[in-house]
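**Student:** Just passing along the structure, written as C-alpha cells.
Just so it is clear, none of the values below were taken in a lab; they were calculated from the coordinates. This is a predicted model, so every value here is computed, not measured. Because the Cβ atoms are built from the backbone with ideal geometry, glycine has one as well, and the counts that use them run over all protein chains shown.
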2 protein chains.
Amino acid sequence: MEKGLLVVISGPAGSGKGTVIAELLKSEDFVYSVSATTRAPRPGEVHGKNYYFITKEEFQQRIDAGEMLEYTCYCQNFYGTPLREALAVMESGKNLILEIEVEGAMNVKRLYPESVLIMLLPPSFSVQEARLRGRGTETEEVIQARLTRTREEVALVGEYDYIVYNHQGGAAACAEDIRAAVRADRCAIRRHPDAEKLYFED
Amino acid sequence: MEKGLLVVISGPAGSGKGTVIAELLKSEDFVYSVSATTRAPRPGEVHGKNYYFITKEEFQQRIDAGEMLEYTCYCQNFYGTPLREALAVMESGKNLILEIEVEGAMNVKRLYPESVLIMLLPPSFSVQEARLRGRGTETEEVIQARLTRTREEVALVGEYDYIVYNHQGGAAACAEDIRAAVRADRCAIRRHPDAEKLYFED
C-alpha cells in the first residue's frame, strides 16, 4: 500500500482553517494530528482531541527521547507533533494533517522535504481584517496583534507548495483544492526523479 | 471567470491515452483539441473529429499566418493545433486537452510555460511490451518500432510536470489523477509569484 503524506496546513487568523479542516476530515483518508502543548487548556478544549496538554518537563523529556516529529516554541509555550502516532497514520496509507504555525511548517519542510505544505489565505488582507472585526469576539488589541502577525505569516508563503484562497463560504471548495493537491502531488515529477531508469528496469 | 488551462497529454503506444482521455472528456470542463494534419486519414477516421485533414500547402499557409498554436513534423507529415479554437476554449473557462507527441509537448512548454504537461505511462516497459503483443493487431516490426520510439519518449519524462501510471484497468483512476493535477496546478505556488504583494495591496 502507498504510504500517506504529511500535509501541513497553515493560515492566518480568519483564514477559516478550522472549517476547511473539518471539511477535509469528512473523507476517511485524512487524519488530524493532535499536537502536544504546554499551554493551559482554554474553556471547552479537550485533552486528546484539541491538544495533548502536558507539562514543560514532560515536553522536554519527549524532545530528548526523539518522540517529537517537530516542535516549536510560540508565546513561551511549546507545541509539537507526537512522532509515533504520526508514523502509524502514514503507514496505514492515510494522510496526516498538521495544522501548525509557519515556524513549525518550516521545520517540517526541512526535516521532511516530502511533505506537502499548504497556505490557506482569505482573498485579501482587507477581507481578512473585515472578517476578524465582524466576529466581534476579540478586543481591538488582539485584532491588531493578529493582523501584525499575518505579515510574518504571509511573508513565508513562497516556501509553501500550494496557496489556497478561502472565498466567502468556500470551505468545501478549499477542501477540494487540498484533496486535489495531495493527490496530484503524488504524481508530481519531483517525486519521481528516477522514473526513466525504473521504467526500463522493472 | 478563471481561464482554462492548456493540458498536454503524451504517452507511448500502449499507455492507454485514448481510454483515459475519453474518461476525462466525460466531465464538461475538459475539451479535446482536434489537431490538423497533412497525413492521409486512416479507415474510420473522421475529418473534424479525429483530425482536420488538410494539404501541405494549406498547413504551410496556416503556419505563415500564425494560426497554429504549435506544430511539429513527424514521419514526414505535419501535425498542429489550430490556435483560434484553442484560445476560445480556454477563454470559456474550460481546459483544453492536447494529445501530442513529446516533440510537440516540448514546443508547447517553450511557447506556453503556463501549460500543464502530463506523461501517461504503463506501469513498466515489460508490461507495455506485453500489452502491445497482447493486442495482436500489429506486426512484429511495428511493435519493435514503437518500443524503440518509447525510449525517446520516456527520456523526456523529466520535462513533464506530472507522471501518471496506468495500471491494469486504471483509466478512471488516471483521469482522476489528471483532474487533480489540473485543479492543484492552479494552486501551485509557482503560479502565484506575487501572492504576498497582492495580498496586502488588494
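**Student:** Would you mind calculating the relative contact order of chain B from Cα pairs under 8 angstrom and at least 6 residues apart, reporting the percent as a whole number?
**Tutor:** Numbers: 279 pairs, mean separation 62.3, N = 202.
Averaging sequence separation for qualifying contacts and normalising by length gives 31 percent for chain B.
**Student:** Right, here's the next one. Pick from A:Asn166, A:Asn95, A:Asn77: which is most flexible by mean-square fluctuation in a GNM of chain A where alpha carbon atoms under 10 Å apart are linked?
**Tutor:** Between A:Asn166, A:Asn95, A:Asn77, it is A:Asn77 that shows the largest mean-square fluctuation.
**Student:** Give the order of A:Met68, B:Met1 when sorted by the count of other beta carbons within 10 angstrom, beginning with the fewest.
**Tutor:** Details: A:Met68 20, B:Met1 6.
Fewest-to-most ranking of A:Met68, B:Met1: B:Met1, A:Met68.
**Student:** Starting from a label point 7 Å past Cα on the Cβ side, list the distances from B:Lys26 to the same position in the other copies, nm, shortest first.
**Tutor:** 2.2
**Student:** Using only the alpha-carbon atoms, how far is helix B:102-111 inclined from the longest principal axis of chain B? Give it as 0 to 90 degrees, nearest 10.
**Tutor:** Between helix and principal axis, roughly 20 degrees.
**Student:** Need one number: % antiparallel among DSSP beta bridges in region B:6-188, to the nearest 5. Present the calculation step by step, with values, prior to reporting the outcome.
**Tutor:** Working: 8 of 27 bridges.
Around 30 percent of the beta bridges assigned by DSSP in region B:6-188 are antiparallel ones.
**Student:** In whole percent, what relative contact order does region B:58-131 give with Cα contacts below 8 Å and a gap of six or more residues? Don't skip to the answer; put the middle values down first.
**Tutor:** Values: 44 pairs, mean separation 15.1, N = 74.
Relative contact order comes out at 20 percent.
**Student:** Determine, for B:Lys3, B:Lys197, the number of other Cβ atoms within 10 Å of each Cβ, and report the residues in order from fewest to most. If you can, show how the numbers build up before the last one.
**Tutor:** Numbers: B:Lys3 14, B:Lys197 10.
The most exposed by this proxy come first: B:Lys197, B:Lys3.
**Student:** Just how many % of Cα pairs in region B:6-188 lie over 24 Å apart, if you round to the nearest whole percent?
**Tutor:** Values: 6460 of 16653 pairs.
Percent of Cα pairs beyond 24 Å in region B:6-188: 39.
**Student:** Mind checking which of B:Gly18, B:Gly134, B:Gly170 has the largest fluctuation in a GNM of chain B, springs on alpha carbons under 10 Å?
**Tutor:** Greatest mean-square fluctuation among the candidates belongs to B:Gly134.
**Student:** Distances in nm, one decimal, shortest first, from B:Arg110 to the same residue in every other copy, taking the label point 7 angstrom along Cα→Cβ.
**Tutor:** Values, ascending and in nm: 4.1.
**Student:** Are there trypsin sites (Lys or Arg not before Pro) in region A:101-165 that DSSP marks as loop and that have at most 13 other Cβ atoms within 10 Å, and which are they? If you can, show how the numbers build up before the last one.
**Tutor:** Numbers: sites: A:Lys109, A:Arg110, A:Arg131, A:Arg133, A:Arg135, A:Arg146, A:Arg149, A:Arg151; in loops: none.
Listed in order of number, the matching sites amount to none.
**Student:** Continuing with the same structure: Can you flag which of A:Lys17/A:Lys49; A:Lys3/B:Lys26; A:Lys94/B:Lys26; B:Lys17/B:Lys49; A:Lys197/B:Lys94; B:Lys49/B:Lys94 are past 24 Å Cα-Cα? Please report the intermediate quantities before stating the final value.
**Tutor:** Working: A:Lys17/A:Lys49 16 Å; A:Lys3/B:Lys26 30 Å; A:Lys94/B:Lys26 29 Å; B:Lys17/B:Lys49 16 Å; A:Lys197/B:Lys94 35 Å; B:Lys49/B:Lys94 18 Å.
Where the Cα-Cα span goes over 24 Å, the pairs concerned are A:Lys3/B:Lys26; A:Lys94/B:Lys26; A:Lys197/B:Lys94.
**Student:** Provide an ascending nm list, one decimal, of label-point separations from B:Lys49 to the equivalent residue in each further copy; define each label point as 7 Å from Cα along Cα→Cβ.
**Tutor:** Sorted ascending, the copy-to-copy spacings read 5.9 nm.
**Student:** Looking at the protein assembly as shown, what % of the alpha carbon pairs are farther apart than 33 Å? Could the numbers behind the result be given before it?
**Tutor:** Numbers: 34464 of 81406 pairs.
The share of Cα pairs beyond 33 Å in the protein assembly as shown comes to 42 percent.
**Student:** Here's a follow-up. So, in Å, what gap is there between the alpha-carbon centers of region B:147-183 and region A:57-81?
**Tutor:** 42 Å
**Student:** Fewest to most neighbouring Cβ within 10 Å: what's the order for B:Ile100, B:Ile63, B:Ile54?
**Tutor:** Values: B:Ile100 24, B:Ile63 13, B:Ile54 18.
Going from sparsest to densest Cβ surroundings: B:Ile63, B:Ile54, B:Ile100.
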